[in-house]
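The values are calculated or read from the model by the stated rules, or taken from the named source; none is laboratory data. All values reported here derive from a predicted model rather than from experimental measurement. Because the Cβ atoms are built from the backbone with ideal geometry, glycine has one as well, and the counts that use them run over all protein chains shown.
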C-alpha cells in the first residue's frame, strides 16, 4: 500500500477518516469544524454539481444567489424554524478590527458593533422569502423555480469530514406555487431527481419516503428524503425535499393576486443536497484498499502505468500510451499517464487504487511487442490481458459494466441487510448487527422517542418507492395497530 | 419602453443602477451592502464562470475549497496584508443564539463567545498558505496550481450593485512555485488569461499593466491588472494577478526541499476576478434602451415574438417558430419564444431590448406567407426583413458580427478617449472630461498622491501591452525626468 489504511473490520469509523484524508479528498482545517476540500475531492464534487445542475435546469429551474448573512430577527419569524436553526450558528456582531492598543496584532473594534447581529446562513428560507415578497404580486409571477449553490454554516459540536462539518457546500432549491397540489408535485419531483442521481450516478440505491413528524425539517409540513445504506448497515440521509405549505410566505407576508383578482398566500417547497453526498459515496462503495468510484463521477477513468527497464522501452511504451489516451478520450473518458520517475509500478498501482480510479492499464515491453496490455478494474480488483486494438470501445464497455456492478453490489448488500422484524427482542438484536428493519409502528412520536432512547434507532422514512409494505400489523414496540411498515435504522 | 430608464446623459450613475435593477440582474437585499443576484444576472455570471473555469483548467489549474472563516490571528501574520484587509470585515464572535429571557425572539448567548474571533474571508491567502504548509515538503510537490470559486466579504461603507458590495462572488487562484521566475511567469500568464477573457468574451478592450507601488495588493511584490474604460471615460479595474514573492510562505513558514536536499521558501502568486466583471460588462456596452450583451455571454441569443390577430395565425406562427428554434439551437444558440398572451409586441420588444438579448425575430402572417421574418439586432437597434431559409446559419453569422461590432465600438471609444498629455493644465482639464491620460510620471508615490488629491485621478497601470510608450520625457506634475508614460484616469 502507498499509505496504510485502517481496515473496515478493525475500525469502520477510522477507516472512513483515513480514507478521506489519504485519498486526498479533504482534511480538517485550522478552523474548528471547517474542512478543506482538496483538488481530488473537489473534482468529484464538481462532477456531482454539474450533473445535478443539469437535472435542475432540465426540470425548469434557474440559479440565483442570495446573501450569506441573515438578520437575526428574520430567524424568529417562523416559529418552528427558529427552534430548529437559530441556535448553533455563527453570529457576526462587529464589522471592524483595529490595531491592538496594548501590543501586536488586531482586536475587535468595540465602536463597530452592528445594530442587529447577522447570522451566517444555516439555510436560506428566511432571506429568500423576504426577497420573494418583492418578486411576487400576480399569479403570472408563479411558479418561481429557483436554486442556489452556496456555502452554509451550522455550528456542529462533533464534526466529521463531509458527513457533518460546520461549513459545508450545498444547493438549496426554493420554489413558490399558486396551489398546494403544485407545490407537493414539485417536492415529489425533486426528491425523485435526487433518487435518480443517487442511483444512476452515485450508484447508491436509495429508499424514497416521507419523514415522520419528529424528523421533519423545522418549518415543513412534509419532508421527503432519500436514505442510503452504508457498509456498516447504518443509514445516511442523502437529500431532502420539503413541502413547506404556507409557513414561510405567511411569516414574510407573500401574497399574490389570483386570476380572479383575490389575494392568496403562495405555497412553497425547498430541497437540498450537500457535500454530505461525498460521505455517502465514499462509505457506500469503498474497501480496505481505498476509494471505489462509480465511473460517472470519477475525475479520472483510466490510469496508465508504464513498466520498463531501459530508456528506450520507456519512450516506446509512453508513446503507445499517448496514442491510446487519445483513443479513449475520444470516447469521453479521462486518462492519466503516471510517468513519475521516482516511484515503482507497485507503489503507483496502490496509490491509484487508494484514489478509486475505476481502471488501470499497465504496459511492459512484452505487451508492447504483442500488442496487448494488462487491464485491471478497481471494483473487483481483477486484471486480465487484452488486445490493444479497440481499446476505446473496451474502456467504454468496461465503464458501463463497473458502474452497473458497483450499484448491484450496493443493492445486494442492502437487500441482504433489510429485514422484516415483528418482535421487540429481535428489533434490539438486529439493530445492533447493522440492519434496516421494516417494522410496524403505531404512528406516535412517543413510541418513536422511546425506541430511539433504547436503541438509538430512528425512523428513516415511511417508504414510498422501495420496501413499501402496506398491511395491517402491530407496532413492534407498543403492540398498537399499524397499517404499514416503516424503516428503522441507526443513522449517520 | 417596458420600464423607464434614466438616460446616461441625464445621470450616468442612476442609469447604471436603474439598468441593473430593471433588467433583472440584481437588487439590494435586506442586509446592508449585500446584493441578491437574480436569475437573469446569475445566468450571465454562470457563463463567465464556465468560460473562465475552462481557461483555468486548460492552463493546468485545479479547483479546491478552503474555509469561509479565518482565525483573527492569521490576518496579523503578514504585516502589510493586515493593514490592507483586516480592518473593515465581518467578525464572528459567538456561536449560539438563545431565546430572549425578556421576551420574544432570540439574542446572542453570552456564554457562547469564541475563544478567538473568526473573520469572514475578505481574501484567502492566509488560510490557504496555512494549509499549503502541510502540502509542500519537496520540490516534487511543486508547483501547486489551485483555484477557488467562493464568496468573500469586505465591509464597504458605500456600496453599488456588482461594483462594490459587502459580499461578492469571485475566484481566487493561489499558486506555489520553486522559483521566482516561474511564479512571475504564472502571474503574467493569468493576467493574460483575464485579458483574453475580457477581450474575446466580454468584448471589452482592456489595458494590461503593472500597478504602481501604492496601488498594489496588500502583501504583493508586484500586481498586474487589466483596466477597462467605461462609457463615462472612467476606468474599472477588472482583474488582478499578484506576484507575492515569499511574503506569505515566510509568514506561514512554508519551505520545500530542493533537488539538492536544501530547504527553500517557495514563491507565490494569487489572482482573481469577481462579480465586479458584471459591472464592467454592463457599463461598457449598454445604452439608454438597456443592456447590450455580447453573444458569447448572453443567456438568450434570440427572442422570437409572434405578431398575430387570430388564434389560427398565432398557432401557425408559433409552429413555424418552434421549427426555427430547433434549427438555431442546433447551431449552439439559445432561443426564447415569447408567447405571453397579455402583452403587446411593442412591449415585448422593449423588454428584451432592456435585457440585452442580441437579436430578435418577429413574424407576422404576411412574413409567414412569404417565408420571411423581421430580424432585429440589439447592438445597432436596426432591423431588416430576411428570408427564413438558412436561419440557423444567418443567426450564427450575426452573432459573430455582433460580438465583433460590440468590441470594436468599445475599442474605438477608448481610442478616441485616450490621449497623451504633457502639461498639468491640460491634465486637469482632460481628466474632468473623461479621458485616459498617457502621461510621464516621475515614479514617486508623493507625486501620485498629490495628483490624486488634486484631481481624484490615479495611475491605473504602467501598461505592458497597449499604449506602451517608452520614451524620455518629463513628469506631467513635477517636471522630473521619466522614461515612459503611464495611464492616469478616474476610476470606479
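Scan segment B:67-81 and tell me whether some residue there is more than 21 Å from residue B:239 (Cβ to Cβ), more than 9 Å from chain A (Cβ to nearest Cβ), touching a helix residue (DSSP H, G or I) at 6+ places or on another chain (Cβ under 6 Å) and crowded, with 18+ Cβ neighbours inside 10 Å.
yes
Please give the number of the condition residue B:33 fails out of (1) surrounded by fewer than 21 Cβ atoms within 10 Å (Cβ to Cβ); (2) more than 8 Å from every other protein chain (Cβ to nearest Cβ); (3) under 27 Å from residue B:280 (Cα atoms).
(1)
Please verify whether segment B:149-159 includes one or more residues that are in contact with a helix residue (DSSP H, G or I) (Cβ under 6 Å, 6 or more places away or on another chain) and surrounded by 21 or more Cβ atoms within 10 Å (Cβ to Cβ).
Start the filter on segment B:149-159 by keeping residues that are in contact with a helix residue (DSSP H, G or I) (Cβ under 6 Å, 6 or more places away or on another chain), which leaves none.
No, the conditions are met nowhere in segment B:149-159.
Considering each of A:261, A:245, A:272 in turn, give the residue that is touching a residue at least 12 places away in the same chain (Cβ under 8 Å) and at positive phi.
Numbers: A:261 fails: touching a residue at least 12 places away in the same chain (Cβ under 8 Å); A:272 fails: at positive phi.
When all the criteria are applied, what remains is A:245.
Which of the strands (runs of 3 or more DSSP E) found entirely inside segment A:90-166 contain at least 3 residues meeting this: more than 9 Å from chain B (Cβ to nearest Cβ) and under 36 Å from the mean Cα position of the chain (by Cα)?
A:144-153
Do you know which residues across segment A:387-424 are outside any helix (DSSP H, G or I) and out of contact with any helix residue (DSSP H, G or I) (no Cβ under 6 Å at 6 or more places or on another chain)? I'd like the intermediate steps shown before the answer.
If we filter segment A:387-424 for residues that are outside any helix (DSSP H, G or I), which is where we start, we get A:387-390, A:417-423.
Selection gives A:387, A:388, A:389, A:390, A:417, A:418, A:419, A:420, A:422, A:423.
(1) free of Cβ contacts under 8 Å to residues at least 12 places away in the same chain; (2) in a helix (DSSP H, G or I): which one isn't true of residue B:384, the others all being true?
Of the numbered conditions (1) free of Cβ contacts under 8 Å to residues at least 12 places away in the same chain; (2) in a helix (DSSP H, G or I), the odd one out for residue B:384 is (2).
Give just the number: which of (1) surrounded by fewer than 13 Cβ atoms within 10 Å (Cβ to Cβ); (2) farther than 22 Å from residue A:296 by Cα does residue A:339 not satisfy?
Against the list (1) surrounded by fewer than 13 Cβ atoms within 10 Å (Cβ to Cβ); (2) farther than 22 Å from residue A:296 by Cα, residue A:339 comes up short only on (1).
Inside segment B:44-66, can you point out the residues that are farther than 30 Å from residue B:135 by Cα and within 10 Å of chain A (Cβ to nearest Cβ)?
Of everything in segment B:44-66, those that are farther than 30 Å from residue B:135 by Cα and within 10 Å of chain A (Cβ to nearest Cβ) turn out to be B:45, B:46.
Each row is one residue, and each column tells you yes or no for (1) outside the structural domain of residue A:175 (by TED's automatic domain parsing); (2) over 21 Å from residue A:153 (Cβ atoms).
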position: A:20; (1), (2): no, no
position: A:34; (1), (2): no, no
position: A:42; (1), (2): no, no
position: A:53; (1), (2): no, yes
position: A:74; (1), (2): yes, no
position: A:83; (1), (2): yes, no
position: A:89; (1), (2): yes, no
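Can you find a residue that is surrounded by fewer than 21 Cβ atoms within 10 Å (Cβ to Cβ), at pLDDT 95 or above and out of contact with any helix residue (DSSP H, G or I) (no Cβ under 9 Å at 6 or more places or on another chain) anywhere in segment B:352-362?
For segment B:352-362, residues surrounded by fewer than 21 Cβ atoms within 10 Å (Cβ to Cβ), at pLDDT 95 or above and out of contact with any helix residue (DSSP H, G or I) (no Cβ under 9 Å at 6 or more places or on another chain): absent.
Within segment B:178-204, how many residues turn out to be closer than 30 Å to residue B:405 by Cβ and in a helix (DSSP H, G or I)? It would help to see each step written out before you state the result.
Of segment B:178-204, the ones closer than 30 Å to residue B:405 by Cβ are B:189-204.
Remaining after also requiring in a helix (DSSP H, G or I): B:189-200.
Residues in segment B:178-204 being closer than 30 Å to residue B:405 by Cβ and in a helix (DSSP H, G or I): 12 in total.
What about residue A:24, is it at pLDDT 95 or above, out of contact with any strand residue (DSSP E or B) (no Cβ under 9 Å at 6 or more places or on another chain), buried (at least 16 other Cβ atoms within 10 Å of the Cβ) and more than 7 Å from chain B (Cβ to nearest Cβ)?
Values: at pLDDT 95 or above: yes; out of contact with any strand residue (DSSP E or B) (no Cβ under 9 Å at 6 or more places or on another chain): yes; buried (at least 16 other Cβ atoms within 10 Å of the Cβ): yes; more than 7 Å from chain B (Cβ to nearest Cβ): yes.
Spelling it out, residue A:24 is indeed at pLDDT 95 or above, out of contact with any strand residue (DSSP E or B) (no Cβ under 9 Å at 6 or more places or on another chain), buried (at least 16 other Cβ atoms within 10 Å of the Cβ) and more than 7 Å from chain B (Cβ to nearest Cβ).
Report yes if residue B:41 is in a helix (DSSP H, G or I) and within 9 Å of chain A (Cβ to nearest Cβ), otherwise no. Outline the logic, then answer.
Details: in a helix (DSSP H, G or I): yes; within 9 Å of chain A (Cβ to nearest Cβ): yes.
So residue B:41 passes the test.
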